[in-house]
Each structure stands twice: as structure tokens, then as C-alpha cells.
Amino acid sequence: MVPDATPMSYYGQPILKPPTWKWPIAAYLFTGGLAAGTSLVGAAARLHGDRRLAGAASAATMSAIGVSAGFLIEDLGRRSRFHHMLRVVKITSPMSVGTWIFSIFSSLAGASAVAEIGEKVGVPARVARPVTAVGQVGSALVGPALATYTAVLLADTAVPAWHEARRDLPWVFAGSATASGGAMGILLSTLAPLDPSDGFASGPRRMAVVGAALEVGADEAMHRRLRAVATGDTDKPDIGAAYTSGSPRVLAGAARAASVTGAATVALAGRRDRPRTRLLAAAGALLVLAGAALERFAIFHAGKASTTDPVYTVGPQRLRLVPPARRP
Amino acid sequence: MTIIDRGSDGTDLTLQGIGTPRYDREQRVGFFTDTSICIGCKACEVACKEWNDVPADGLNFLARSYDNTGHLSADTWRHVAFVEQPTTDPESARSGVRWLMSSDVCKHCTSAACLEVCPTGALFRTEFETVVVQQDICNGCGYCVSACPFGVIDQRKGDGRVWKCTLCYDRLRGGQTPACAQACPTQSIQFGPLEQLRERAAARIEALHDQGVDDAQLYGDDPGDGVGGFGAFFLLLDKPEVYGLPPDPVSTTRDLRTMFNAATAAAFGLLGIAAATLLGQRRG
């Protein structure tokens with residue numbers, strides 16, 4: 001009898017349970033990264049002395065982190081028990097570590113925003129301003145952790161398309177968050193134009209372009225790494241195949257297209273600062289944001305797809321036990 | 001329902017189960033499921049449901065031999081798999097089919113990813129070194145579901161929390177045998193101190209190999225495997241994947257250091273890029 005080329009399974013049934021996480025978690029991956037990236041723009045503006053942009057970025061950060069908290073609680077099986085996350089500090093649980101990063105980030109950003117509002121309603125500036133500045137800069141220092149722990153959150157699972165991407169995912173997410181922050185900075189400065197003679201005006205544009213480049217580059221590296229994990233199956237020869245059909249394929253393609261065109265638009269528009277190029281940069285920024293969001297959804301759905309077919313679970317494990325050269 | 005566990009003279013019937021090894025508190029206990037003598041009666045599934053008050057999981061017809069349960073889930077803590085294989089074995093000559101039956105259960109891993117990733121501390125390791133969910137703590141975040149390399153633990157619909165085999169923690173605390181093992185009529189499910197079970201399994205696999213059952217293999221008995229050995233391990237008559245089990249399961253947290261290091265590097269990368277692009281090139 002000819003040996004079966006495809007890894008065997010029990011009635012084609014998946015071995016793993018698909019993640020219980022639904023779209024709010026994918027959305028959080030984006031909004032959390034956006035909050036982190038925007039906090040860096042805000043802190044840089046604060047350090048630069050641009051209080052208008054710093055204030056706008058602070059408000060945007062608070063909006064993004066507030067929405068994030070909503071997404072996270074929405075996805076729980078028992079929402080009223082969300083605070084059980086704060087029962088323990090557990091280094092082996094990226095979700096526990098992330099909860100604390102999230103809590104510290106939002107506390108600092110929140111303190112900054114409250115102090116800023118306080119100043120407007122009569123709190124003396126000498127009291128309010130240091131809190132505003134320290135909170136904003138502090139949250140920006142925690143921001144990078146907020147943007148990248150989510151990569152560990154996904155990678156630290158049995159989900160093949162996430163776990164095998166563990167070395168690249170943090171860079172994808174870092175790039176995505178950087179691009180998102182820069183894009184948000186562009187949008188905020190479009191609403192309240194910066195003085196073009198000030199070098200800071202081009203900062204968010206550079207950040208968006210470099211971030212998108214990192215995102216796309218790391219994404220490519222991730223796909224290559226996944227394609228290197230063979231399954232021994234003819235139809236789905238490697239884990240990278242989780243991205244080649246259905247919604248992951250569409251989402252990943254759209255993410256790549258949006259990020260590349262968005263970054264190119266921002267880069268072109270940034271060559272001259274005029275009202276019209278400002279609008280063009282804003283359009284590019286929106287594309288960069290769309291690309292970052294689509295990227296998170298692509299990764300999220302590819303992970304789910306890789307759990308529903310036993311080939312991705314059994315194949316690499318079987319090849320690990322019996323390398324092809326040793327097979328009869 | 002009432003569990004009758006006392007004889008008319010008051011003796012504890014549960015302790016008279018044949019082959020029930022004695023065990024001490026704070027000793028690692030587990031299951032050795034010898035599938036070579038499983039007859040597919042599903043008494044384990046029923047006993048588990050009854051004792052643990054596990055809700056119904058649907059009245060399904062799956063057209064998978066006698067398996068209409070499907071797989072382990074929040075509402076199925078023992079699952080009997082039925083595999084029908086074409087064979088030329090003379091003993092099965094009449095039907096031309098070989099039956100493989102296996103009662104699957106939570107593996108109670110030594111290195112249990114579900115427990116390690118649980119952010120609330122709801123999943124904990126008991127004094128018997130089994131892995132149990134505290135239902136008053138679980139908030140249904142679902143992390144354990146994605147972490148389990150066997151697809152055992154799952155979220156219960158309409159309840160929101162995760163559920164799985166407790167290895168009858170309540171019965172263990174009462175010095176009793178887990179319901180499935182006690183109900184098993186063939187001792188396919190053997191319960192006891194893990195060390196004893198491993199010795200018994202080693203003897204059994206040797207006997208089977210001597211009888212010419214070359215495909216018989218132990219699954220999960222090796223403390224050196226990817227999950228540090230199972231607390232509930234198996235004797236299988238074919239490759240694990242035939243039964244819907246992963247051939248080389250690994251606890252995802254084994255790579256946690258790699259992942260945190262990569263994330264730390266990427267975080268500093270992000271900070272560096274932001275600093276360089278936002279603060280780096282001041283012109284004005």
C-alpha cells in the first residue's frame with residue numbers, strides 16, 4: 001500500500017480548539033498599538049514644547065486606550081469579573097503581564113489628561129503641568145511594552161500560525177504601532193497645523209513611513225519563517241498556507257497594499273508642506289492606519305485558520321519526530 | 001441523583017474496586033488509559049457526566065463509527081474515540097476491519113500551558129499535582145483554550161467560563177477513585193499514583209510487544225517530552241494522530257523566554273525609531 005502522503009487525523013477533525021477570542025481582540029491589537037504609538041508622539045510634542053499637539057495626542061491616546069479597555073472586557077466570558085485580572089502578577093502569563101502594562105500605561109496617560117483638564121478649570125499651572133508632562137512622558141515610556149506584549153500574547157499559544165511566528169510578531173506589532181502613531185500624529189497636525197518652519201512638523205511623517213516600512217518588512221520575514229515550517233501535506237505544504245486562502249489572504253493582501261501606498265503617499269506629500277500636500281499626507285495617514293488594522297485582523301484570522309485544520313498541528317510535529325530523510 | 005457508594009453493611013464500596021491502588025495525599029496521581037482493552041462502552045463518559053454534573057452536549061449523529069460525542073469540550077471531559085481501520089489481520093478476517101477505541105481525557109500535563117498562561121490564577125495545581133479550574137475565579141478570558149496543545153479545555157456556551165476534567169478533585173479529596181476509572185468495566189482506565197502507573201504501563205507494553213503487537217506505543221509516559229510528561233497517559237495501538245491526538249505536543253511556554261526577549265528588543269526598537277524620527281532631526 002502506498003503510504004498516505006497527508007498527515008493522518010481523526011475524521012479530519014481539528015486537534016486544537018479555535019481561539020475563543022472574537023473580533024474585539026483583533027481590534028484591540030490595533031487600538032492598543034495606536035494608543036502606544038500616539039503616546040510617543042504626544043510625549044515628543046510635550047518635550048518639544050508644542051502643547052497643542054501634545055494635548056491633542058493625549059486626548060487621542062486616552063480615546064484609543066479607553067476603546068481598548070472596552071474591547072478587552074467585551075470579549076470576556078464573564079465581563080463582571082474583569083477585575084479578576086488584577087488578582088495576581090504572573091510572569092508566565094503574557095495576559096497577566098499585559099494587564100499590568102495596560103494598567104500602568106492607562107493610569108499614567110489618564111493622570112496626564114486629567115491634569116491637563118484640571119489646568120483649564122483652574123488648577124494652578126505649577127501643580128498641573130508637571131503632572132501632565134510626567135504622565136505623558138511616563139506613558140510613552142511604557143507604550144512600547146504595550147505595543148509589543150500583544151505579540152507575545154498571541155505567540156504564547158498552541159496556535160501554529162502564531163507560535164511559529166514568535167520571533168517576528170513583536171517586530172510586526174512594533175512596526176504597526178509606530179506607523180499608527182505617526183499616522184495619528186499626521187492627522188492631529190492636519191487638524192491643527194504646525195508651524196512648517198519647525199522641524200518637528202515632519203516628525204510624525206517620518207515616524208509613519210519608517211514604522212510602515214518596519215511593519216511590512218517584519219511581516220514579510222514572518223511569512224518566510226512560516227513557509228519554512230513544513231507540514232508534509234501536498235495542499236498545505238507549510239504553515240504559511242494559513243495565509244493563502246479565505247479571509248487571511250484577503251486581509252493580508254489589503255494590509256500590505258494599504259501600508260505601502262499609505263507610506264508612499266505620506267513620503268511624497270512630505271516633500272513640500274502646503275495645504276494641499278497636507279491633505280494628501282492625511283489621506284496617506286488614513287491608509288497607513290487602515291493597513292495597520294488590516295494587518296492585525298489578517299494575523300488574527302490566520303491564527304484561527306491554522307487551528308481548524310489538523311494538518312498544521314500534526315504535520316510539523318510528525319516531521320519533527322520522523323524527519324523526511326528517515327521516512328521509509 | 002444519588003451515588004450509592006456504601007454497601008448495606010456500611011462498607012465503602014468504592015475502595016473495593018478491583019485494581020484500585022491506594023494513594024496518599026500529596027502524591028501525584030493520574031490515569032493510565034490502556035486503549036488495547038477499551039471496549040468502547042462509554043461508561044466513562046456517562047460516569048463523568050453524572051458525577052461532575054456536566055451539562056448535555058447535544059444529541060448528535062456524527063457518522064463517525066460509534067462516536068457521536070466528537071471531541072473533548074467544556075461539556076465532555078471523557079471522550080471515547082472510535083477508529084475503523086481496514087486490516088488483513090486474520091482475527092478480523094470476517095469484517096476486514098480493525099477497531100480502535102480510546103477514552104480521551106485531559107492530560108494534566110507536568111508543564112501545563114493552560115495553567116501557566118491563566119491570568120487570573122483560576123487554573124491551579126492541586127496537592128495531587130492535577131490541574132483544576134476554580135470556577136469562582138475564572139472570568140472566561142479564553143487564554144487557556146488557545147494554549148492547550150491538545151484542544152482539551154474550552155469555554156462553555158452560555159456560561160462563559162472554561163471547563164475541563166478535574167480528575168475528580170472532590171473524589172480524590174475524599175480518598176476515592178475518579179468516576180470514569182471506577183466505572184470502566186475493563187480497567188482500560190486505570191487510576192493511581194503516577195509512578196506505579198508508569199511501571200504498570202511499561203510492563204504492559206512489553207507484554208504486548210512480546211505478543212507481536214508491534215504498533216502498540218505509550219503516549220505521554222515520558223517526563224522528557226514537550227509537556228514534561230502527562231499526568232494522564234495512554235497506551236495506543238497506532239499513531240497518536242489516528243486518535244486525534246498531537247504526535248509531539250509541546251507546552252508553548254517553553255519558548256516564553258525567546259518570545260519575551262524578542263518583544264523586549266522590538267519595544268526598544270520602537271522607542272528608538274520614535275525618538276529618532278520625532279526628536280532626531282530638529283531643523284528650525
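General remarks:
- Amide hydrogen neighbours beyond the local backbone of A:D238, cut-off 5 Å, H modeled: A:T231
- Residue-by-residue Karplus 3J(HN,Hα) for the stretch A:244-256, coefficients 6.51, -1.76, 1.60, Hz, glycine and proline x: 9, 8, x, 5, x, 5, 5, 5, 5, x, 5, 4, 4
- When A:H163, A:H83, A:H301 are compared by accessible area of protein heavy atoms, the largest-first order is A:H83, A:H301, A:H163, using a 1.4 Å probe.
- Accessible-area value, B:V242, 1.4 Å probe, nucleic acids and ligands omitted, Å²: 10
- Shown in residue order for the stretch A:98-106 are the 3J(HN,Hα) couplings computed by the Karplus curve 6.51 cos²θ - 1.76 cosθ + 1.60 at θ = phi - 60°: x, 4, 6, 4, 4, 5, 5, 4, 6 Hz (x for Gly and Pro).
- Between B:E84 and B:D170, the FRET efficiency from the beta-carbon distance, with R0 = 51 Å, is close to 0.90.
- Here the Karplus relation 6.51 cos²θ - 1.76 cosθ + 1.60, evaluated at θ = phi - 60°, turns the backbone of the stretch A:304-313 into coupling constants of 4, 4, 6, 8, 8, 10, x, 4, 5, 8 Hz, with x for every Gly and Pro.
- Radius of gyration over Kirkwood radius for chain A, both on Cα atoms: the Rg/Rh ratio is 1.05.
- In the stretch B:66-98, the trypsin sites (Lys or Arg not before Pro) that fall in loop regions by DSSP, at most 12 other Cβ within 10 Å: B:R94
- Extension gain, A:R87-A:Q13: 0.36 nm per intervening residue step, less the Cα-Cα distance, totals 23.0 nm.
- Computed over protein heavy atoms with a 1.4 angstrom probe, the accessible surface ordering of A:T31, B:T110, largest first, is B:T110, A:T31.
- Counting, for every residue in A:169-175, the Cβ atoms of other protein chains within 10 Å of its Cβ and taking the mean gives 6.
- Qualifying lysines (Cα of each under 19 Å from Cα of B:K157; at least 8 residues distant if same chain): A:K17, A:K22, A:K304, B:K49
- Antiparallel %, DSSP beta bridges [both residues in the protein assembly as shown], to 5: 85
- Considering only Cα atoms, the convex hull volume of chain B works out to 199 Å³ per residue.
- Fluctuation leader among A:F200, A:F102, A:F82 - chain A, Gaussian network, Cα springs under 10 angstrom: A:F82
- Distance in nm between pseudo-label sites at B:R98 and B:E206 (7 Å out along the Cβ direction from Cα): 2.4
- The heavy atoms of B:C165 offer some 10 square angstrom of accessible surface to a 1.4 angstrom probe.
- Nearest 10 degrees, 0 to 90: helix B:43-52 Cα axis against chain B principal axis: 60
- For B:E129, the accessible surface of its heavy atoms amounts to roughly 80 Å² (probe 1.4 Å, protein chains only, rounded to the nearest 10).
- Taking B:D159, B:D238, B:D34 in turn, the Gaussian network model of chain B (Cα-Cα springs below 10 Å) assigns the largest fluctuation to B:D159.
- Taking all protein chains together and a 1.4 Å probe, the residues A:V121, B:V131 rank A:V121, B:V131 from largest to smallest accessible area.
- Amide H within-cut-off set for B:I189, under 5 Å, with H built and near neighbours excluded: B:D34
- When the stretch B:25-276 is described by a simple charge dipole with +1 on each Lys and Arg Cβ and -1 on each Asp and Glu Cβ, the residue from B:G212, B:G58, B:G231 located farthest towards its positive end is B:G58.
- Most mobile listed residue (A:R271, A:R224, A:R129) in chain A, GNM with C-alpha springs under 10 Å: A:R271
- Per-residue ellipticity at 222 nm computed for the protein assembly as shown from its helices equals -16500 deg cm²/dmol, with DSSP H segments shorter than 4 residues left out and the rest contributing -39,500 (n - 2.57).
- Note on A:V114/B:A63: beta-carbon distance plugged into 1/(1 + (r/R0)^6) with R0 of 56 Å gives a FRET efficiency of 0.35.
- Degrees, to the nearest 10: A:23-48 long Cα axis against longest axis of chain A: 40
- Amide H within-cut-off set for B:G30, under 5 Å, with H built and near neighbours excluded: B:G192, B:L194
- Its Cα centre serving as origin, chain B has a Cβ charge dipole (Lys and Arg +1, Asp and Glu -1) of approximately 1140 debye.
- Cubic angstrom per residue, convex hull over Cα atoms of the stretch B:144-284: 206
The values are calculated or read from the model by the stated rules, or taken from the named source; none is laboratory data. Note that the structure is predicted; figures quoted are calculated from it, not measured. Cβ atoms come from the backbone with ideal geometry, glycine included; neighbour counts cover every protein chain shown. For the accessible areas, the whole protein counts, side chains as well, though only heavy atoms, and no ligand, DNA or RNA atoms are used. Shrake-Rupley method; radii C 1.70, N 1.55, O 1.52, S 1.80 Å.
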